[in-house]
Amino acid sequence: MLLSFIAIYLSITLLIGWWASRKVKNTQDFVIAGRNLPMVIAASALFATWFGSETIMGASSEFVENGLLGVIEDPFGAALCLILVGAFFAKPLYKLNILTFNDFFRLRFSRRVEFVSAIFMVPSYFGWIAAQLVAMAIILKTLAGFPLIVGILICTLVVVVYTYIGGMWAVSVTDSVQTVMILGGLLYLAIILLRQVGGFQEVLAATPQGFFRFIPEGGFHHWVEYIAAWITIGLGSIPQQDVFQRVMSARNARTAVQASYLSGFMYLTIGFIPLLIGLCGKMLYPEIQSGDTQMVIPMMVLEHGNLLLQVLFFGALLSAILSTTSGAMLAPATVIGENLVRPYVKNISDKRLLLVMRLSVVFVAICSAALAAYEGNIYDLVGQSSALSLVSLFVPLTAGLYWKRASDAGALSSVVTGMAVWIYFEFVRPSDIPSLILGGLASLFAMIIVSWIFPDETYKRFLTSK
């Protein structure tokens with residue numbers, strides 16, 4: 001019965017993608033839904049950006065093991081990102097009427113900064129998408145006994161089909177439906193478990209002292225790790241194309257700002273439900289904790305929940321993962337078409353560019369599925385993907401918007417230096433200080449120093465082009 005529900009649910013998702021495909025007439029429809037989404041749908045799409053396997057399966061296990069300090073990155077950092085986008089980035093970027101972040105780098109700096117930033121942005125999504133594919137494959141393996149590689153292939157095919165045909169329209173509409181499923185399924189499970197453990201007071205009493213500590217104790221190293229947890233998604237995901245596309249899909253700048261704030265609030269509130277579920281599960285079924293911590297909640301529901309609970313929970317889980325994966329596949333595909341193909345193919349038609357973007361969805365999916373088959377740990381995959389945009393793209397984006405002196409040479413050196421320093425300390429000579437902080441500082445210093453040494457008139461040109 002449960003497998004039948006999942007098959008029906010995936011079929012409905014494909015039907016929504018087919019319906020949404022009728023709205024796709026050009027690249028703007030495919031990439032940013034014709035800039036016509038109302039606030040509720042836009043906020044649901046933004047909320048669904050990261051609310052997937054890492055939040056439900058990864059963050060909950062981190063919370064059970066390490067307390068509140070273990071989940072600073074998600075959901076706190078993710079909510080911070082959405083709020084900062086609304087406060088500082090949504091309005092100025094929306095007014096530019098562009099399709100990608102990299103378009104901004106071209107307008108503000110130069111074609112070469114656009115190209116280099118696009119080259120760095122595209123692979124940053126592979127690990128994130130792979131994490132979602134692994135999560136869906138784990139679900140299919142748990143429910144139906146499919147080998148992991150078979151589950152990865154099935155999930156890749158489903159997401160590719162409805163993203164390929166429907167683009168951002170399909171992503172946004174399915175996100176709205178899936179947000180309802182997420183909220184309903186998680187709330188129902190949380191209420192059932194709270195009743196079984198005896199309420200909030202019993203949960204609080206069962207946690208060790210210091211479990212809900214929000215500020216770290218200890219010296220310099222602990223504080224550096226704490227800051228790194230806040231900024232990994234909190235700052236690093238600001239210059240990411242999946243967030244940008246959802247913001248730009250709103251019907252006007254005001255809606256884009258309000259949707260960012262609302263989605264941040266949704267992430268903070270709904271994001272705590274899986275954490276509560278994880279605590280209740282630890283109290284009720286401690287024997288499950290000895291296995292794969294990524295599967296604590298799914299196994300608990302499967303072994304001890306009734307059919308209705310299983311249907312609602314796995315519907316919510318699949319919804320969260322599908323929402324995250326579809327948007328994440330569309331983002332790099334858009335960058336490939338808009339910033340790596342279009343500038344170098346003369347007189348390419350909008351119809352041909354739309355085909356390029358759709359084929360790029362397939363390319364991104366293949367690369368991500370291969371990575372998913374190679375690396376099966378969700379948390380590691382997410383961690384590998386989160387730092388790339390922080391160390392290379394956050395400083396050029398922010399400086400380009402808010403620092404008049406930021407120059408083309410400064411932006412280029414910021415992108416390259418930040419990435420080089422991060423790679424060195426991440427893979428060659430690991431440091432006690434997190435590599436993403438060292439890379440981010442290197443990117444900042446490169447922007448400031450090189451922009452002062454090699455100033456130019458790019459800001460004035462940017463103002464006249466707006």
Where in the range 188-213 does the amide nitrogen come within less than 20 Å of the point 7 Å from the Cα of His222, taken along Cα to Cβ? 207-213
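With every protein chain kept in place and ligands, DNA and RNA left out, what is the accessible area per residue of the chain? Probe 1.4 Å, answer in Å². Don't jump to the answer; show the numbers that get you there.
Working: 18300 Å² over 466 residues.
About 39 Å² of surface per residue is accessible.
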Placing each pseudo-label 7 Å from Cα in the direction of the beta carbon, Ala373 and Leu148 end up separated by a distance in nanometres of 1.3
Could you state the per residue volume, in Å³, of the convex hull enclosing the Cα atoms of the range 201-286? 152
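Which pairs break 25 Å Cα to Cα here: Lys25/Lys95; Lys351/Lys460; Lys91/Lys404; Lys23/Lys141; Lys91/Lys460; Lys91/Lys346? The partial results should precede the final answer.
Numbers: Lys25/Lys95 22 Å; Lys351/Lys460 34 Å; Lys91/Lys404 18 Å; Lys23/Lys141 35 Å; Lys91/Lys460 20 Å; Lys91/Lys346 32 Å.
Over 25 Å Cα-Cα: Lys351/Lys460; Lys23/Lys141; Lys91/Lys346.
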Packing-based ranking, highest mean first, of 43-50, 64-71 given that Cβ atoms within 10 Å are counted: 43-50, 64-71
Just the number, please: Stokes-Einstein D of the range 115-158 in µm²/s, Kirkwood Rh from C-alpha pairs, 4 °C, 1.567 mPa s. 115
Please express the Cα-Cα pair-distance distribution P(r) of the chain as a list of whole percents, one per 10 Å bin, running from 0 to the bin with the greatest distance. 4, 21, 32, 26, 13, 4, 0
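Around Pro75, what is the net charge, scoring Lys/Arg as +1 and Asp/Glu as -1 over all other residues with Cβ under 15 Å from its Cβ?
Numbers: positive: none; negative: Glu54, Glu62, Glu73, Asp74.
Result for the local shell: -4.
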Measuring from label point to label point, each 7 Å out along Cα→Cβ, what is the Ile366 to Phe214 span in nm? 4.9
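Arg35: net charge of surrounding residues, Cβ under 11 Å, Lys/Arg +1, Asp/Glu -1, itself excluded? It would help to have the intermediate numbers written out before the result.
Working: positive: Arg251; negative: Asp29.
Local charge sum for Arg35: 0.
Restricting to Cα pairs below 8 Å that are 6+ residues apart, what does the relative contact order work out to for the chain? Please round to a whole percent. Spell out each step's value before the answer.
Values: 791 pairs, mean separation 142.4, N = 466.
With pairs under 8 Å counted, the relative contact order is 31 percent.
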Accessible surface of the range 324-466, 1.4 Å probe, proportion on carbon and sulfur as whole %: 65
Taking +1 at the Cβ of each Lys and Arg and -1 at the Cβ of each Asp and Glu, which of Trp422, Trp169, Gly439 sits farthest along the dipole of the chain towards its positive end, judged by Cα position relative to the Cα centre? Trp169
For Ala250, what residues show an amide H to amide H distance below 5 Å, using hydrogens built from the backbone and excluding near sequence neighbours? Leu37
With 5 Å bins from zero, work out the P(r) of the range 124-197 over every alpha carbon pair and list the percent per bin. 3, 14, 14, 19, 22, 16, 7, 4, 1, 0
Per principal axis, largest first, the Cα atoms of the range 75-174 extend in Å by 51, 31, 24
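Among 220-227, 138-145, what's the highest-first ranking by average C-beta atoms within 10 angstrom per residue? Walk me through the intermediate numbers first.
Values: 220-227: 13.6, 138-145: 17.2.
The most tightly packed comes first, giving 138-145, 220-227.
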Report, to the nearest whole %, how much of the accessible area of the range 68-122 belongs to carbon and sulfur atoms, 1.4 Å probe, protein only. 66
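The values are calculated or read from the model by the stated rules, or taken from the named source; none is laboratory data. Given the structure is predicted, the values throughout are model-derived calculations rather than measurements. Cβ coordinates were reconstructed from backbone atoms using ideal geometry, including for glycine residues, and neighbour counts include every protein chain displayed. Quick note on the areas: whole protein, heavy atoms, side chains included, nothing else; ligands and nucleic acids left out. Shrake-Rupley method; radii C 1.70, N 1.55, O 1.52, S 1.80 Å.
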